[in-house]
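Report on the following structure.
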């Protein structure tokens, strides 16, 4: 056998005792030092076990390869009752499964609003009573139904859903339509303006978008996201470029499909910089789902919060959730709100980070770094550090400011445990009291124990 | 007296850097005692033995224990500590450090390497080595305390990818002139070495160098490679690689006695080049004799191996105490001396949570100071990675032992090119009263004579 090591000039990666690295420096041998530190407490034995798993390397290559090759396309807009078979009284919500008793303020607020919207209660008090009694009410996680929802993420039968299909692997994923900012259901507000807006979305926005999309045909979200990244979006807290591109794609068809409603629909979409977020989330969900259920893979396929807990799911561990207490985001607050008004982290929008967007792509979005409480070098450092815990770089999603380097994609549980680096998440902040709405935006850190618990489970899988 | 005792949770520095920091602090005139180390059980016990009140801590925390003559002196020592710790961290701290890769995997993606050198604590070594193998790199694992089943997993993976795992517990390698780990400065030449024994290989290659014969590559395979369990996985690969290597004309295999069925399997490999086996054990040639055979095969005359005689007292009946840093040198010396109590301070049980005795002389100096009579035989290994000036701490301890009437014999393993200076180290140890030999076998024979064993 030929050992390539013996052929050329030695170039050495050193990890460990600095004296051995210095000995190479004294010999003028080129070397790259690793800034090694011990892994998260309690993980060394599990790390060795999981890395020794003969399936792992190929499983991760397969799983992340599926994630990277997904080709999400927006194919339709339809009511949840049709596409998800939702019955009256059944609600999906963000994050891992949660009960009414354990639900936070904004989650309860959104469920109350959804009860009012569906006509299952005449007043917030009655809605609350019925939800608390559980009488005829079923709650389930969006993620269990190929669905994601921002913030509270509550989905009820009459809401219209974006339908995104993966042209590569054949999967489908859904997300509701974005209501805009401020007093909105997803942030836990349920006042009359909230319910009225939802009605209009169901009666006008949904059907018009459906008609328009049926004229244009499927819309390539992979290419749209790639362009938006190069226009300063990170696709979680900044969707301005992506929303503009979406409007540009759809506007002529909207005018043709519904001339008398086109102006109000376009005005609504154009007035909401986050309109694209929900389409991006469905695209992320369908891509992450393509990577599910690969035995032996330590790839994270979902990160989601229900306002009480932060949960992850891992490709090689099926639909099992690993949860820990949701943290309170650190960021900037609107108006007179402050940290005391903030609810713990909530929403399925971390599906963007799961596929390497959002906080992972911060370096692409210098325009919003101050909004989430940092400066441009912080944003570059955030993205750079995420390459340490991810399996791949995206071939299509690139960051101009990093020399068009692909975004860091595919969180590996073992790399999180080894480096102690937790995923960087950009997020909105909901008010803790039901009915408040949004109070700010910022950065949040997932609880480390969800990754160490998943790692332990991988030793048994 | 003022004490500072601190446990810094989750702060990590490697044991060698911390040993240097401890030494620098202890060297301050107003500092009575200083121990800065990871809070392993061993180190916490050491601090408690020094009289420090150490709170609960885990091996992942940094333990700081300083005793100074007064509060002000303690404060100055603490400030110096922080300066030393920052200076010692890769990149000097802050943003530069943030951008260094955090895993071998990440480093291998960012930089075009040919080999990785892993020396993290043993329980973490497999993971980093896995990264290297998966990136298509050969890897040297200096770390010890790696479970044998993981060694086997790693070596099988490496074979499938055509790369070599050197180790675990591989102390030395020389790849195309670059010394990895503990490595003597060797001239380039025709001899390729496969070594399941680090210090054994250092003895062989140092003597070859003293005879004017150079080395193409020295491939360590780890002390367990030729055991029945590991089955010579890396040895077979390394032999094949050197057989293909155009710079190598003759191969030397250095090992403790292998498992018989493994020895047979290794022997069955058909190689085009001659192989000289140095398999240390009862009834086998010692390392010096093997080197002399290699020289014979190459047609090079055997020189007189340098030595520096001393007025050692004759100590009939001993006792003989062997204080070694190299395991194979220790075994060889014990076999030749035929009597005495020998300790290998490089063994796993002495290196958990602290640096190898070739870097950190403390435990061995302590043992030397405790010898009251008879003879002491010890090794001093020079080269890159080893103590930059072993005579500095050892010569005074040798002189002290000689004053107590102890006969001191040193096996000095090194070459003329080594940074410590072979001749100056020998001279200082010799002036302190030790008889010094560049051949460990010769040193052991001399010790045997002194205690009058036949």
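Some values worked out for this structure:
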| item | result |
| --- | --- |
| Test item: B:10-16 mean partner chain Cβ contacts at 10 Å | 4 |
| Partner chain coverage, peptide B:307-318 - average Cβ within 10 angstrom | 0 |
| Computed over chain A: relative contact order in percent, which uses C-alpha pairs under 8 Å that are six or more apart | 20 percent |
| R0 of 60 Å, Cβ-Cβ distance residue B:27-residue B:156: FRET efficiency to nearest 0.05 | 0.80 |
| More than 28 angstrom apart: percent of Cα pairs within the stretch A:75-282 | 25 percent |
| Using alpha-carbon coordinates, inclination of helix A:275-290 to the longest axis of chain A, degrees | 50 degrees |
| Protection proxy ranking of A:171-181, B:423-433 - average other beta-carbon atoms within 10 Å, highest first | A:171-181, B:423-433 |
| Alpha-carbon centroid distance for the pair the stretch B:269-293 / the stretch A:292-340, whole angstrom | 61 Å |
| Square roots of five times the Cα gyration tensor eigenvalues for the protein assembly as shown, Å | 66, 29, 21 |
| Relative contact order of chain B, defined on C-alpha pairs under 8 angstrom at six or more residues apart (%) | 12 percent |
| Burial ordering of A:92, B:345, A:360, fewest other beta-carbon atoms within 10 Å first | B:345, A:92, A:360 |
| Exercise: per-residue mean of other protein chain Cβ atoms within 10 Å, B:124-133 | 6 |
| Kirkwood-Stokes translational diffusion coefficient of the stretch B:191-300, alpha-carbon pairs, 20 °C, 1.002 mPa s, µm²/s | 157 µm²/s |
| Inter-part distance where the stretch B:182-237 and the stretch B:50-67 are each reduced to a Cα centre, Å | 40 Å |
| Pairwise centroid distance, computed over Cα atoms, of the stretch B:1-49 with the stretch B:401-453, Å | 32 Å |
| Residue exposure sequence - A:183, B:236 - by fewest surrounding Cβ within 10 Å | A:183, B:236 |
| Tensor-based shape of the stretch B:112-249 (alpha-carbon gyration tensor, a/c under 1.5 rounded, otherwise prolate or oblate) | prolate |
| Tensor-based shape of chain B (alpha-carbon gyration tensor, a/c under 1.5 rounded, otherwise prolate or oblate) | oblate |
| Distance histogram for the stretch B:102-168 (every C-alpha pair counted, 10 angstrom bins, percent rounded to whole numbers) | 25, 60, 15, 0 |
| Least to most buried among A:236, A:143 (fewest other Cβ within 10 Å first) | A:143, A:236 |
| Prolate/oblate/rounded call for the stretch B:307-450, Cα gyration tensor, a/c under 1.5 rounded | rounded |
| Rg to Rh, two decimals, where the stretch B:2-96 supplies the alpha carbon set and Rh follows Kirkwood | 0.95 |
| Share of Cα-Cα pairs in the stretch B:244-396 lying beyond 19 Å, as whole percent | 66 percent |
| Relative contact order for the stretch B:307-450, counting Cα pairs under 8 Å that sit 6 or more residues apart, in percent | 33 percent |
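Just so you know, all these numbers are worked out from the coordinates, no wet-lab data involved. Because the structure is predicted, anything quoted here is derived from the model rather than measured. Glycine gets a Cβ as well: all are built from the backbone with ideal geometry, and neighbour counts include every protein chain shown.
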